[in-house]
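The next block holds one structure in the form of structure tokens; read it before the comments.
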Amino acid sequence: MRHDRLYLTDIVEAADHLTQFLAGADFPAFQVSELLRSAVVQKLAVIGEAAARVSDELKTRHPHIPWLQIIAFRNILIHAYFGIDWDVVWRAARNRCPSLRKQVADILAAESADTAEEEGGLIQPVKEPLRIFEVYGEAQSTKSVIEPEAKLKSIRQAAQYSFPTADVEQMLSEIERGYEA
């Protein structure tokens, strides 16, 4: 099961992509570009799908986010594709997504701070998915400065911000073997 922070990260990243896609575009250019419209719809669908999968507990803690409207909008985009009102899509992507992105990023920051506090501050939340490789390198190069269990715990925490790839699993396995020796 994915953690809420991964779904929240999906929302932030999709909103960032929307900003990139729409940079320099106006509504007439959006209307005539099938590629741009398709890209925007796909990222709005990602936002809606991620919002649908966020836990009810987190939604309850953050009622200022219009979770149900976001999910409903996604459903309309996906299931009524041939009846899409492109003006509504444009306004959602251009006007509402930037503020949603900020709200969700604030939730991520608050939730990450809570997680670090709950775990005694030993684990610092990773802000970027690629940070897993830096953490791995730090764990490999640091000898006895941090206890082996703490290193593994940090790497596992960082891995939660990335998809569980074979590379991550291999790194964890190598580190664990190194500590057993």
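Test of understanding: among Glu49, Glu57, which residue is part of a helix (DSSP H, G or I), within 17 Å of Ile107 (Cβ to Cβ), within 22 Å of the chain's Cα centre (by Cα) and without any contact (Cβ under 8 Å) to a residue 60 or more places away in the chain? Give the steps one after another, and end with the answer.
Details: Glu49 fails: within 17 Å of Ile107 (Cβ to Cβ).
Result of the check over Glu49, Glu57: Glu57.
One line per residue, one yes/no per condition, for (1) crowded, with 19+ Cβ neighbours inside 10 Å; (2) hydroxyl-bearing (Ser, Thr, Tyr); (3) assigned to a loop (DSSP other than H, G, I, E, B); (4) not assigned by TED's automatic domain parsing to the domain that holds Lys102:
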| position | (1), (2), (3), (4) |
| --- | --- |
| Asp10 | yes, no, no, no |
| Ala15 | yes, no, no, no |
| Pro28 | no, no, no, no |
| Val41 | no, no, no, no |
| His64 | no, no, yes, no |
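In contact with a Ser or Thr (Cβ under 8 Å, 6 or more places away or on another chain) and within 17 Å of Val12 (Cβ to Cβ): is that true of Pro66 in this structure?
The answer is no for Pro66.
Taking Gln31, is it more than 21 Å from the chain's Cα centre (by Cα) and polar (S, T, N, Q)? Working first, answer last.
Working: more than 21 Å from the chain's Cα centre (by Cα): yes; polar (S, T, N, Q): yes.
Judged against the criteria, Gln31 is a match.
Filter segment 60-86 down to residues that are under 19 Å from Ala109 (Cα atoms) and under 17 Å from the mean Cα position of the chain (by Cα), then give me how many there are.
Of the residues in segment 60-86, 3 are under 19 Å from Ala109 (Cα atoms) and under 17 Å from the mean Cα position of the chain (by Cα).
Which of the residues spanning segment 35-63 are within 18 Å of Ala15 (Cα to Cα) and not hydrophobic (A, V, I, L, M, F, W, C)?
Filtering segment 35-63 for residues within 18 Å of Ala15 (Cα to Cα) gives 35-54.
Listed by number, the residues that qualify are Arg37, Ser38, Gln42, Lys43, Gly48, Glu49, Arg53.
The values are calculated or read from the model by the stated rules, or taken from the named source; none is laboratory data. For clarity, every value in this text was computed on a predicted model and none was experimentally measured. Here Cβ is always computed from backbone atoms with ideal geometry, including for glycine, and neighbour counts include all displayed protein chains.
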